[in-house]
Amino acid sequence: RIGWLDLPMLRHAARVSGFTGVAVNHVDVLAGLDELKVCTAYELDGDELDTVPTTTDRWERCEPVYETLDTWDAFDSAAVAEEGYDALPEAAREYLAFVADEIETPVYAVGVGPDREETVELTNPFDE
């Protein structure tokens, strides 16, 4: 069971934590879905918010605003881990680029399967 990505919450986490990159796990779990939604904002009293509201009372009244993205078929996670990022389906790469753009933070690594070895490193922040 998975839930849709909550970008307003992730934007908030990026701002308050100051992290410089993200690792996106379980990209393989998203493969084969009929639809892929991402919460891009909250609607509060007719206004659209791109980050979390200032109080829990306001948050309680929020409704998620979703954008539907292209889906992708299942893939061989071991092969993708070996071949690298470009071996991911195009729609998966577009999803990752969308997330990075929305939170203004680069994706450092992508989990493409259940095993530790099935991680694709895009950038090693410790090499910078």
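The values are calculated or read from the model by the stated rules, or taken from the named source; none is laboratory data. This one's a predicted model, so the numbers in the text were calculated from it and none came from an experiment. Backbone-built Cβ (ideal geometry, glycine too); neighbour counts: all protein chains shown.
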Residue 80 fails exactly one of (1) surrounded by 13 or more Cβ atoms within 10 Å (Cβ to Cβ); (2) in a helix (DSSP H, G or I); (3) at pLDDT below 95, namely (3)
Could you tell me whether any residue of segment 50-65 is part of a strand (DSSP E or B), exposed (fewer than 14 other Cβ atoms within 10 Å of the Cβ) and at pLDDT 95 or above? yes
Given the options 78, 109, name the one that is of a type in the set (A, V, I, L, M) and either out of contact with any strand residue (DSSP E or B) (no Cβ under 8 Å at 6 or more places or on another chain) or more than 22 Å from residue 19 (Cα to Cα) (or both). 78
Tabulated pairs, segment 41-57, first closer than 15 Å to residue 11 by Cβ, second of a type in the set (D, E, K, R) and not in a strand (DSSP E or B), C-beta under 7 angstrom, 6+ apart or interchain: 41/50; 50/11; 51/11
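Do the conditions hold for residue 18, that is, is it more than 11 Å from residue 112 (Cα to Cα), exposed (fewer than 14 other Cβ atoms within 10 Å of the Cβ) and without any contact (Cβ under 8 Å) to a residue 12 or more places away in the chain?
Yes, satisfied.
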Right, residue 51: over 17 Å from the mean Cα position of the chain (by Cα) and of a type in the set (Ser, Thr, Tyr) or not? no
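Keeping to segment 35-49, report how many residues are aliphatic (A, V, I, L, M) and exposed (fewer than 13 other Cβ atoms within 10 Å of the Cβ).
Within segment 35-49, the subset aliphatic (A, V, I, L, M) is 36, 38, 41, 44, 49.
Applying the additional criterion that residues be exposed (fewer than 13 other Cβ atoms within 10 Å of the Cβ) yields none.
Adding up the residues that qualify gives 0.
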